[in-house]
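Reading through the structure tokens given below for one structure.
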């Protein structure tokens, strides 16, 4: 049925003289998401039947398969490839991974980095909206996970985040998205205004070209919850044009790969004062912004 629908959409796109085949691409994307979710549910059922509660190592392998397959499927659907850089920097735990957030699909990148490439158990702090995905919802209640609102109050972090940090071991990592949401002009303006009470921060945040100023509270809480944890920064570019269904349908054809990079910061280089950490953490996000600038050339033909 999906194949037939894709053929119909292809014909419609051609008749409408749509060179980038937007309807066809959307159907391909839906097919990928549906197939991965369906197979994922079957594999979850098998794990549960064999262990009753969900074996952590089997769940890690499952998460590695789910996130990597979904990421590759999205790349195929939009007509591009994936390039990984620095995956070895997340090879051992305990570690806190602070990841850039640009679209619906990059939420799976840290999971692929940790579970697929490094066989670590990823413990996520993610938006409640991801619970609409059955696989994420089920596994998120087997492996310690904190589901939060997309934009918590500035300067605060749910108590559950502190508890999540206590689960960190040499075989696991905590994942958080400090920007909280995707960037657009209105959100960027609000984010800069959020730090307006500190002129130095506001001036530097206003210069960011691709990312939102990060909220440091959640990352700080995770790091304080495990004094041995290092910090890994996970950046990506190539998915910025996929932040809404309208963008997915209207975006041009990708002509550059999705690029993902990770680098590790040793614990001894992380400030121990909360105020210093907030300034320092913005500096790390300026580096993310520079990393994206160096790679986000012409990513789409329009």
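In table form, for the structure just shown:
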{"read-out": "Residues of region 189-200 that turn out to be in a helix (DSSP H, G or I), modelled with pLDDT under 85 and surrounded by 12 or more Cβ atoms within 10 Å (Cβ to Cβ), as a count", "value": "0"}
{"read-out": "Verdict on residue 76 being part of a helix (DSSP H, G or I) and over 24 Å from residue 216 (Cα atoms)", "value": "yes"}
{"read-out": "Failed item, numbered, when residue 291 is tested on (1) assigned to a loop (DSSP other than H, G, I, E, B); (2) modelled with pLDDT of 95 or more; (3) under 23 Å from residue 80 (Cβ atoms)", "value": "(1)"}
{"read-out": "Test: residue in region 230-239 that is within 12 Å of residue 96 (Cα to Cα), in a loop (DSSP other than H, G, I, E, B), touching a strand residue (DSSP E or B) at 6+ places or on another chain (Cβ under 8 Å) and at pLDDT 95 or above", "value": "no"}
{"read-out": "Filter result (modelled with pLDDT under 85 and touching a helix residue (DSSP H, G or I) at 6+ places or on another chain (Cβ under 7 Å)) within region 151-164", "value": "154, 155, 156, 157"}
{"read-out": "Residue in region 68-76 that is within 24 Å of residue 161 (Cβ to Cβ) and without any contact (Cβ under 8 Å) to a residue 60 or more places away in the chain present", "value": "no"}
{"read-out": "Given (1) without any contact (Cβ under 8 Å) to a residue 24 or more places away in the chain; (2) touching a strand residue (DSSP E or B) at 6+ places or on another chain (Cβ under 6 Å), number of the condition residue 130 does not satisfy", "value": "(2)"}
{"read-out": "Filter result for residue 109 (within 24 Å of residue 287 (Cβ to Cβ), modelled with pLDDT of 90 or more and crowded, with 24+ Cβ neighbours inside 10 Å)", "value": "yes"}
{"read-out": "Checking residue 80 against (1) touching a residue at least 60 places away in the same chain (Cβ under 8 Å); (2) touching a helix residue (DSSP H, G or I) at 6+ places or on another chain (Cβ under 7 Å), the condition it does not meet", "value": "(2)"}
{"read-out": "Only one of 167, 141 that is assigned to a loop (DSSP other than H, G, I, E, B), at pLDDT below 90, over 13 Å from residue 102 (Cβ atoms) and over 17 Å from the mean Cα position of the chain (by Cα)", "value": "141"}
{"read-out": "Subset of region 201-227 (residues that are assigned to a helix (DSSP H, G or I) and either free of Cβ contacts under 8 Å to residues at least 12 places away in the same chain or within 17 Å of residue 97 (Cα to Cα) (or both))", "value": "202, 203, 217, 218, 219, 220, 221, 222, 223, 224, 225"}
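The values are calculated or read from the model by the stated rules, or taken from the named source; none is laboratory data. Just so you know, these numbers come straight off a predicted model, no measurement behind them. FYI the Cβ positions are ideal-geometry reconstructions off the backbone, even for glycines, and counts take in every protein chain you see.
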